[in-house]
1. Relative contact order for the chain: what percent, with Cα pairs under 8 Å and sequence separation of 6 or more?
2. Helix 14-36 against the longest principal axis of the chain: what's the angle in degrees, Cα atoms only, rounded to the nearest 10?
3. Can you sort 154, 89 so the residue with the fewest Cβ neighbours within 10 Å comes first?
4. Relative to the longest principal Cα axis of the chain, at what angle does helix 115-126 sit, 0 to 90 degrees, rounded to 10?
5. Enter the Cα centre distance for the pair region 67-105 and region 115-132, rounded to the nearest angstrom.
6. Over the Cα atoms of region 14-136, Rg to Rh with Kirkwood Rh, two decimal places?
7. Could you please rank 29, 35, placing first whichever residue has the fewest other Cβ atoms within 10 Å of its Cβ?
8. Counting helices only, and only those DSSP H runs with n ≥ 4, report the 222 nm mean residue ellipticity of the chain as the sum of -39,500 (n - 2.57) divided by its residues, in deg cm²/dmol to the nearest 500.
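The numbers here are math on the coordinates, done by the rules we state, and not lab data. Keep in mind that what you see is a predicted model, and the values were worked out from it rather than measured. Note that we place each Cβ from the backbone using ideal geometry, even for glycine, and neighbour counts take in every protein chain shown.
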């Protein structure tokens, strides 16, 4: 990558990290309710999506259902709290504070006995530089996703490019055209 974009920083966004945390919560949920037996699994059938939702986005009735789920299993409750607290990582604007918060979050895992979250912590530490780059480089990920979508569209429309330089030229042209269109719209 350094060859194509020297000085570029990889930045890991909140969405993908939280997606990994949701996977860890789901792994804990599956292990716990599989262990409890069929009767207990039937009680929580159809409620998995609540574990992936943020507490602040839930209606009072949904919070009640989630609280009943937590009463059935303490480890799922711990996993949910860990996922919710990991969301606060992106509130930090200083990389030292972000690193300190992440270290304290990882320290909490020591006594929880949740292998899925231990695996998540190892992954976070492996990609620590990209996570800290979020503080160093302010990136609007909606724009990044839009550009990625446009490049995918170019590749699909061209049915593959044999010359990578030509693809990059087309992508640059598309970016300039979109920028000019936005500038033209603002001036009118």
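1. Values: 100 pairs, mean separation 52.3, N = 188.
28 percent.
2. It works out to around 30 degrees.
3. On the way: 154 15, 89 18.
So the residues, fewest neighbours to most, are 154, 89.
4. The angle comes out near 30 degrees.
5. 13
6. Details: Rg = 15.2 Å, Rh = 15.3 Å.
With Rh from the inverse mean 1/r over Cα pairs, Rg/Rh is 1.00.
7. Numbers: 29 21, 35 11.
Lowest count first: 35, 29.
8. Details: 10 runs with 137 residues, N = 188.
-23500 deg cm²/dmol, from helical runs alone.
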